[in-house]
Each structure stands twice: as structure tokens, then as C-alpha cells.
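A.B. asks: Here it is, the structure, as C-alpha cells.
Nothing in this text is a laboratory measurement; each read-out follows from the coordinates by a stated rule. All values reported here derive from a predicted model rather than from experimental measurement. Positions of Cβ are generated from backbone atoms using ideal geometry, with glycine treated the same way; all protein chains shown enter the neighbour counts.
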Amino acid sequence: MTVLLHACCGPCLLEPYDALATDAEVVVCYANPNIHPAEEYARRRDTLLDYAEDAGIAVIELPYEPALWAEATSPAAETPERCRACYRLRIGMVAAEAARRGYDAVATTLSVSPYQDPEAIAEEGTAACVEAGVRFIVTDFRERYPEATRRSRELGMYRQNYCGCAPSQAEAAAEREERRAARKEAKRAAREAADRASADEGDGR
Ligand code: SF4
């Protein structure tokens, strides 16, 4: 069986590729118009390409057209939920390419990430592949995420800290800021409690 595997980035490629390549001929497809900005797109792609070259994995890159993502996820788009629309677009691009090149099936590395929605990936991937006339291999690679993390760290791969689109970049930055503020507040409260405790001790002398 020949599989065109949609890959979002290098770290997420590691485990899904190995799992699928045990009984299929797998070619990787980098199709990610969601990634913002262009420098980030190139950085993730180059991380993936460096690994693929070392591992002898073939990669097809589809054109980077962020306008496609903006259109697919606009409020007027057919799929109202942003991430669903994003899955549908990316897997749809790979499915069309797979049909054009005569591959048997399509899969995606997205299901290795605990930050993604496996049910939505399965539904949107299946719908996109039905439309293109190829089979979608539904996967859930999340149990391999710790190993993917370990391997990508060991390989010194670039590991991004947001999903990909501009809104996810802003959301991740806001979450980091919230966590920083919570840590600061916890430290302040602990300091105050320690000060009160030592003042109480002083009172008892
Ligand atoms: S958060 Fe990730 S999956 Fe969702 S729309 Fe943005 S890039 Fe796509």
C-alpha cells in the first residue's frame, strides 16, 4: 500500500512515520498554509526536511498559500469551527495530491499531538478523502507523544510553542503570560505567609 502522509512538523513526523512505514510505502507531504508567519513555516519545514534527508524519507512540499487558510477559516466558510476547517483544508490538499499521483491512502501526523482533536481529525480527514476518492487512514498516535517528544529533544529538533496559525500564536502567548502571572502571585502569597509566620513567632518570644 502507498500512503501520502500529511506532516505538520518534524517532531510530529517521527512516531507516525515509523508506525505507518512498518507495512506501507510512505511518502511525506508538507502542506501547511495555516502556519504563520512565513519564517515559522520555513523553520518547521526545514526541521522536517533535515530529518527526512538523514532518514532517507521522501517529502513533497505543496505551495505555501496562507490565503487558502484564511479563506477556509473565515466566518463565511463552510466549516464554522476553526480547527476543523484547518484539518479539512490541509488533509484535503494532501488527498487531492494523493489522488493525482495515484496513492492508495492518506494519513496525518496531527493525531500524535494531545493538543489536537482526534475525533475532528478523523471526521474531517475522512470527508476530505471521500471527496478526493482516496482512503483515509484514521489514526490516534497520542500514546506515542512522549516518545516523539523524547526523540525530538534528543535529535535537537526545533520544537514550536504554538500550533501554527496567528490566533493560536496569540492564544499560546496569552496562556504563557497567565501562567507567569499565576506563578508570580503564588510566590508573592508564599512570601507573605512566611512573613506572617515569622512575625507570629516573634510575638511569642
Ligand atoms: S490552532 Fe492549529 S489546528 Fe487550529 S486552526 Fe490554528 S493552526 Fe489549525
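A.B. asks: Between R179 and N161, what length comes free when the chain is fully extended (0.36 nm per residue of separation minus the Cα-Cα distance, one decimal in nm)?
C.D. replies: 5.1 nm
A.B. asks: Given the DSSP H assignment, sum -39500 (n - 2.57) over each helix run of at least 4 residues in the chain and divide by its residue total; what's the result at 222 nm in deg cm²/dmol, nearest 500?
C.D. replies: Mean residue ellipticity at 222 nm (helix-derived): -19500 deg cm²/dmol.
A.B. asks: While we're here: Taking +1 at the Cβ of each Lys and Arg and -1 at the Cβ of each Asp and Glu, which of P80, A24, Q116 sits farthest along the dipole of the chain towards its positive end, judged by Cα position relative to the Cα centre?
C.D. replies: With unit charges placed on the Cβ atoms, the residue in question is Q116.
A.B. asks: With a 10 Å radius around each residue's Cβ, average the other Cβ atoms per peptide and rank 168-181, 149-162, highest first.
C.D. replies: So the peptides 168-181, 149-162, ranked by packing, come out 149-162, 168-181.
A.B. asks: For L110, what is the net charge nearby, where nearby means another residue's Cβ is under 11 Å from its Cβ and Lys, Arg count +1, Asp, Glu -1?
C.D. replies: Summing Lys/Arg as +1 and Asp/Glu as -1 gives -1.
A.B. asks: While we're on this one: Once fully extended, how much extra length lies between S198 and E81, figured as 0.36 nm per residue of separation less the alpha-carbon to alpha-carbon distance?
C.D. replies: So the chain would gain 36.7 nm between S198 and E81.
A.B. asks: If you project the alpha carbons of the chain onto their three principal axes, what span does each projection cover, largest first, in Å?
C.D. replies: Each principal axis gives a Cα extent; for the chain these are 85, 42, 30 Å.
A.B. asks: Could you list I35, I121, I60, I137 so that the one with the fewest beta carbons within 10 Å of its beta carbon is first and the one with the most is last?
C.D. replies: Listing I35, I121, I60, I137 from fewest to most nearby Cβ atoms yields I60, I137, I121, I35.
A.B. asks: About the Cα centre of the stretch 19-152, what is the dipole size in debye to 20, counting +1 per Lys and Arg Cβ and -1 per Asp and Glu Cβ, all else neutral?
C.D. replies: Dipole size: approximately 80 debye.
A.B. asks: Related question: What is the extension gain from R191 to A19, computed as 0.36 nm multiplied by their sequence separation minus the C-alpha to C-alpha distance, in nm to one decimal?
C.D. replies: Contour length minus the Cα-Cα distance gives 57.0 nm.
A.B. asks: With r defined as the distance between the Cβ atoms of A99 and E171 and R0 fixed at 35 Å, what FRET efficiency is calculated, to the nearest 0.05?
C.D. replies: It comes to 0.55.
A.B. asks: Also: Pop a pseudo-label 7 angstrom from the Cα along the beta-carbon direction at both D117 and A38 and give the gap in nm to one decimal.
C.D. replies: Between D117 and A38, the label points sit 3.1 nm apart.
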